[in-house]
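This report refers to the structure that appears directly beneath it.
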Amino acid sequence: MNWLLPRLAAGVLAMLAGGFLGFIASNVEHTVVWRVLAGGGIGVAIAAMLDTARGYRLINWLRGSQEQQAPRDAGFWGELGYRVERSIRLREQGLAQERLRLEQFLSAIEASPNGVLMLDQNDQIVWCNSVSADHFGLDPQRDRRQRITNLVRSPAFVAYLQQADYPETVNFPNPRGDGTLSVLLRPYGDGMKLVLSQDITDRERNEAMRRDFVANVSHEMRTPLTVLAGFIETMDNLPLTEVERKRVLELMGQQTRRMQTIVSDLLTLAQLEGSPRPAADRWVALAPLLVQVEADARALSGGRHEVSVAAVGSVELAGAQSELLSAINNLVSNAVRYTPAGGRIDVSWCVLEDGSGELVVSDTGVGIAREHIPRLTERFYRVDGSRSRDTGGTGLGLSIVKHVVQRHGAELDIQSEPGKGSRFRLIFPAARLRGAAA
Ligand code: ADP
């Protein structure tokens, strides 16, 4: 009530002031009462007009956007304006904080690596993050309030959505048709649903690769083991002559060596996959590596091929010596093994215009048909299985080369033509090269 008394006092004061002025202005005795009354009335009317003008200013401010300050009048209207403005400002601050919190919350969900989609009671889209939009092929703005089943028509997903509860995830091909999605649904609030999605294409591919790998290793080991078991049985059951015994032992030795090579290649691969990348500041001279490669190639060829290894001067590559040797050796031994007698094997080196270095192993051998080339670095992939096995191949050589190349930041490029020969290029980036003249 502390606003009422000053207002009453102001009213009374205005009346008294008006009355007093009326009294002074009267000179005839009998009109004095009327003049005082009229003066008081005029005083009150002026006060009321001033009051109305202030109230009108405040109402005008309230009708507007209230961005400017409320009218700063004295007395009742000033106080009212100040209090209304303060409560508006407090509410605005509260709303801004809420909005900020909501934005932070949504951007946290947006940053999630998984898809998050919110559905209302009618399975209509309320909100989704961009990962979910990508998974389901949705447009977050355009598809808001659309029924999800009108947009994602996968029967597995629709059936899952219609279940009473959702204890497990459901997997189905993603609507783009190039992978697999795993979806988990969680009900919340009043009949709302949270749809969490994950792209499991890579996981499934890795699983399939792991299964294939185990099957391939088992198959590769089973063949020599079966042969060995057969020989052991033969030696056990049949009386063999000394010559036959020697032959059987030789064949058993061959199979054992084959298994040893497979296991050794598998261990190399496991080591390449499981160890840190070779340091970029450990330098390996290329010339001594190539000397060893040449010696190994000549030994493997046994004089059946013309082998030529170019001089590389003082070139050094950054990386691991054993890995680089293993990669180049694999390429050169392939060249020897897939080139008929009388053919030619060349190892050359050059520095390209952009400063990168190119080591090329080329042969005039059987060559490879174009459709096989992209798959050559897959584990156990062979163009001609029997030829590979007959020459002591494991099907893992190029896979090892690929890993070494990746670990050294290099590239492997394969060009080949059936009947004409092949060219395997290892391209090392300029940063991993030193002591080379362009
Ligand atoms: P392998 O031990 O069978 O040689 P690799 O992984 O080294 O396994 O090579 C994969 C396949 O690529 C080989 O089986 C062979 O068919 C083909 N290949 C590799 N190098 C050559 C080459 N220089 N000439 C022709 N074919 C090759």
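Any read-out appearing in this document is the output of simple, stated calculations on the displayed coordinates, not a laboratory observation. Owing to the predicted nature of the structure, the values given are computational and were not obtained by experimental measurement. So basically every Cβ, Gly included, is an ideal-geometry build from the backbone, and we count neighbours across all protein chains shown.
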* Asked: If R0 is 60 Å, what FRET efficiency do you get for ILE373 and SER87 from their C-beta distance, rounded to 0.05?
  -> 0.20
* How big is the gap, in Å, between the Cα center of the range 229-276 and the Cα center of the range 315-333? -> 28 Å
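Determine the gain in length on full extension of the stretch LEU352-ARG277; use 0.36 nm per residue of separation and subtract their C-alpha separation, reporting nm with one decimal. Write out the running numbers ahead of the final one.
Numbers: separation 75, 0.36 × 75 = 27.00 nm, distance 2.48 nm.
24.5 nm is the gain from fully extending LEU352 to ARG277.
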* Asked: Projected onto the charge dipole of the chain (+1 at Lys/Arg Cβ, -1 at Asp/Glu Cβ, origin at the Cα centre), which of GLN163, ALA410, SER388 gives the Cα projection farthest towards the positive end?
  -> GLN163
* Rounded to 5, percent antiparallel among DSSP beta bridges of the chain -> 90 percent
* Which angle between 0 and 90 degrees, to the nearest 10, do you get for helix 201-237 versus the longest principal axis of the chain when only C-alpha atoms count? -> 20 degrees
* To do: Choose one answer from GLY39, GLY393, GLY343: the residue with the largest mean-square fluctuation in a GNM of the chain with alpha-carbon springs under 10 Å.
  => GLY39
* Structure fact -> Whole-Hz Karplus couplings 3J(HN,Hα) for the range 135-142, θ = phi - 60° and coefficients 6.51, -1.76, 1.60, Gly and Pro as x, run 4, 9, x, 9, 10, x, 7, 5
* To do: Give the distance, in whole Å, between the Cα centre of the range 94-137 and the Cα centre of the range 145-200.
  => 16 Å
* Asked: HN-Hα J couplings of the range 175-187 from phi, Karplus 6.51/-1.76/1.60, θ = phi - 60°, integer Hz, Gly and Pro as x?
  -> x, 6, x, 10, x, 10, 10, 10, 10, 10, 10, 10, x
* Asked: With the dipole of the chain worked out from charges on the C-beta (+1 for Lys and Arg, -1 for Asp and Glu) around the Cα centre, which of ILE46, ALA299, PHE76 lies farthest toward the positive end?
  -> ILE46
* Between VAL33, VAL214, VAL195, find the one with the highest GNM mean-square fluctuation for the chain; connect C-alpha pairs within less than 10 Å. => VAL33
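Using +1 on the beta carbon of Lys and Arg, -1 on that of Asp and Glu, and nothing else charged, what's the dipole of the range 112-199 about the Cα centre, debye to 20?
Working: 8 positive and 10 negative charges, 43 e Å.
The calculated dipole for the range 112-199 is roughly 200 debye.
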* Structure fact -> By the Cα gyration tensor axes a ≥ b ≥ c (a/c under 1.5 gives rounded; else a/b larger than b/c gives prolate, otherwise oblate), the shape of the range 197-294 is oblate
* Angle in degrees between helix 286-301 and the longest Cα principal axis of the chain, rounded to the nearest 10 -> 50 degrees
* To do: Under a 10 Å cutoff between Cα atoms, tell me which one of ARG407, ARG370, ARG423 has the largest fluctuation in the Gaussian network model of the chain.
  => ARG370
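Using the crude model of +1 on Lys and Arg Cβ and -1 on Asp and Glu Cβ, and no other charge, please compute the dipole size for the chain relative to its Cα centre, in debye to 20. Numbers along the way, then the final one.
Numbers: 49 positive and 50 negative charges, 165 e Å.
Dipole size: approximately 800 debye.
Under unit Cβ charges (Lys, Arg +1; Asp, Glu -1), what dipole magnitude, rounded to 20 debye, does the range 310-438 have relative to its Cα centre? Walk me through the intermediate numbers first.
Numbers: 15 positive and 14 negative charges, 75 e Å.
I would put it at about 360 debye.
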* Structure fact -> Scalar couplings 3J(HN,Hα) for the range 370-378 by Karplus 6.51 cos²θ - 1.76 cosθ + 1.60 (θ = phi - 60°), nearest whole Hz, x for Gly and Pro, are 3, 5, 7, 4, x, 9, 4, 8, 6
* Structure fact -> The extension gain from GLU294 to ARG247, computed as 0.36 nm times the residue separation minus the Cα-Cα distance, is 13.7 nm
* Asked: Pairing the Cα long axis of helix 32-63 with the longest principal axis of the chain, what angle in degrees results, from 0 to 90 and rounded to the nearest 10?
  -> 10 degrees
* Give me the orientation-averaged projected area of the Cα convex hull of the chain, in nm², one decimal. => 44.2 nm²
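May I ask you to compute the full-extension gain from ALA311 to ARG210, defined as 0.36 nm times their residue separation minus their alpha-carbon distance, rounded to one decimal in nm?
Values: separation 101, 0.36 × 101 = 36.36 nm, distance 4.17 nm.
My answer for the length gained is 32.2 nm.
Based solely on its DSSP helices, what 222 nm [θ] is calculated for the chain when runs of n ≥ 4 H residues each add -39,500 (n - 2.57) and the sum is averaged over all residues, nearest 500 deg cm²/dmol?
Numbers: 12 runs with 228 residues, N = 438.
The helix contribution divided over the chain gives -18000 deg cm²/dmol.
Please return the longest stretch of the chain lacking exposed loop sites, where GluC sites (Glu not before Pro) count only if DSSP places them in a loop and at most 12 other Cβ atoms lie within 10 Å.
Details: sites that count: GLU67, GLU168, GLU353.
Excluding the exposed sites themselves, the longest stretch runs over 169-352.
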* To do: Along Cα→Cβ, 7 Å out, is where each label goes; now give me the distance between the ones at VAL12 and THR149 in nm to one decimal.
  => 7.7 nm
* With the dipole of the chain worked out from charges on the C-beta (+1 for Lys and Arg, -1 for Asp and Glu) around the Cα centre, which of ILE125, LEU5, VAL217 lies farthest toward the positive end? -> LEU5
